[in-house]
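Below is one structure, written out as structure tokens; the observations come after it.
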Amino acid sequence: MNTTSTVARHRWLALLLAGWIFWLPAGVQAHERYQTSSSSATGDLITGFASFLVTPVYGAFKLTFAGLGAITGGLTWLFTGGDTATAQKIWNPSMRGTYIITPDHLAGREPIRFIGDP
């Protein structure tokens, strides 16, 4: 098999997966918005299953972002001579925020905060 076609196939698969990850929460939110105010078992099942599918992928991106923020903040602290206030400006936004997507997030009742409050 040609390595060029393998790379192209992997890129296509990654693009398809990324599109699906960002489409799924929007579709679930739209479904929840047009549903009546009373909760239904089907709606709960859909949002529960969607949060089960989205959380591992979202969580991997969030943990990577938080880990890189922790390292960058630590290096900032080190190179600024122990200036914790400067390091906190990196640590807080990167390490705070939403780590697990719940059905309430997908239904729009709770915001998803990838970047935490400074």
#### Entry: When residues of the range 67-110 are limited to those that are among the hydrophobic types (A, V, I, L, M, F, W, C) and under 30 Å from ASP44 (Cα atoms), the one farthest from the chain's Cα centre (by Cα)
ALA107
### Summary
Checking PHE49, PHE79 in turn, the sole residue that is under 29 Å from ALA14 (Cα atoms), surrounded by fewer than 17 Cβ atoms within 10 Å (Cβ to Cβ) and of a type in the set (A, V, I, L, M, F, W, C) turns out to be PHE49
### Query
Checking SER37 against (1) of a type in the set (Ser, Thr, Tyr); (2) open to solvent by 90 Å² or more (accessible area, probe 1.4 Å); (3) at pLDDT 95 or above, which test does it fail?
(3)
### Message
Considering only residues that are surrounded by 15 or more Cβ atoms within 10 Å (Cβ to Cβ) and not in a loop (DSSP other than H, G, I, E, B), which ones fall in the range 89-118?
### Response
ILE90, TRP91, ASN92, PRO93, SER94, MET95, PRO103, HIS105, LEU106, ALA107
### Selection count where residues are more than 17 Å from ASP117 (Cα to Cα), among the polar types (S, T, N, Q) and touching a residue at least 12 places away in the same chain (Cβ under 8 Å), scope the range 71-101
2
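The values are calculated or read from the model by the stated rules, or taken from the named source; none is laboratory data. This is a predicted model, so every value here is computed, not measured. Cβ sites come from the backbone with ideal geometry, for glycine too, and all protein chains shown count toward neighbours. Calculation scope for accessible area: heavy atoms of the full protein, side chains included, ligands and nucleic acids excluded. Shrake-Rupley method; radii C 1.70, N 1.55, O 1.52, S 1.80 Å.
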